[in-house]
Structure formats: structure tokens, C-alpha cells
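Chemist: Have a look at this one before I ask anything.
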Amino acid sequence: MSDYKKDIAQGEWKPNKLTLVDEATGEVMKEQPLYVFKPENIGAQMSIDDKALGHDGFTILSNTQTGKIALMIESTKCEEVEEALLN
């Protein structure tokens, strides 16, 4: 990610978003950045880690056999991580 800062400045790097919607009203409750989602990296042996950077919490799901990240979301809530995996 050596071009990360340049891409941000040029508006070229935008994470996907997990949109959380109230099922009763259809109202968008909030959007969580979904920085990495690569289903092809999901395998039989996975590891899940929570990381804090400043006041932000992240969940990282990685494949322990390949060392590749399958999911990185700006949330530590299990419901939001589950929703990201299902979408």
C-alpha cells in the first residue's frame, strides 16, 4: 500500500462500505468502512483479531494457512462483522 496517501489525496482509494439498515423502516442507520473483503482468502483455518488505532476499532479476519487477510472492517461488533461476511 505504498501509494495509499497519494491515492487518498487523489480520491482514488475508497473502501467499500457496509450499510446497516433498520429492517422495520428501511432507514440507513450507519455505514461502516469495509477496507478489505476477499472471499477467496477464506479457508479452513481462520484467525480473528481486534485492533485499536486511536479511538477506532477494527476486526481483521485472516487465513492462518496462507497468511492472507480475508476481511478488515472498522468495527468490533460481531453483528457488523457477520453482516459484512454475508454480503
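Please treat every number below as a calculation from the coordinates, not as lab data. Source: prediction; values computed, not measured. Cβ: placed from backbone, ideal geometry, glycine included. Neighbour counts: every protein chain shown.
Chemist: Using 0.36 nm per residue, how much length does the chain from residue 79 to residue 25 gain when fully extended, once their Cα-Cα distance is taken away?
Modeler: 17.6 nm
Chemist: Give me the net charge of residue 68's neighbourhood, meaning all other residues with Cβ under 12 Å from the Cβ of residue 68; Lys, Arg count +1, Asp, Glu -1.
Modeler: 0
Chemist: Under 1.5 on a/c is rounded, so check that first for the chain, then, if it is not, pick prolate when a/b is larger than b/c and oblate when it is not; a ≥ b ≥ c are the square roots of the alpha carbon gyration tensor eigenvalues.
Modeler: Oblate shape, in that a/c is at least 1.5 and b/c is the bigger or equal ratio.
Chemist: What number of lysine-lysine pairs in segment 4-86 show an alpha-carbon separation below 14 angstrom, given a sequence spacing of 8 or more or placement on distinct chains?
Modeler: Value for segment 4-86: 7.
Chemist: FRET efficiency for residue 9 and residue 51, Cβ-Cβ distance as r, R0 = 35 Å, nearest 0.05?
Modeler: For R0 = 35 Å, the calculated efficiency reads 0.90.
Chemist: With loop defined by DSSP as not H, G, I, E or B, and exposure as at most 15 other Cβ atoms within 10 Å, which is the longest segment of the chain clear of exposed trypsin sites (Lys or Arg not before Pro)?
Modeler: Counting only loop sites that pass the neighbour cut-off, the longest clear stretch is 1-67.
Chemist: GNM, the chain, Cα, under 10 Å: largest mean-square fluctuation among 71, 53, 20?
Modeler: So, out of 71, 53, 20, the one fluctuating most is 53.
Chemist: So if each residue of separation counts as 0.36 nm, and I subtract the Cα-Cα distance between residue 17 and residue 86, what length gain in nm does that give?
Modeler: 23.5 nm
Chemist: Normalised by the number of residues in segment 4-86, what is the relative contact order in percent for Cα pairs under 8 Å and 6+ residues apart?
Modeler: 23 percent
Chemist: If each DSSP helix of 4+ residues adds -39,500 (n - 2.57) and the sum is divided by the residues in the chain, what number results at 222 nm, nearest 500 deg cm²/dmol?
Modeler: So the calculated ellipticity at 222 nm is -4500 deg cm²/dmol.
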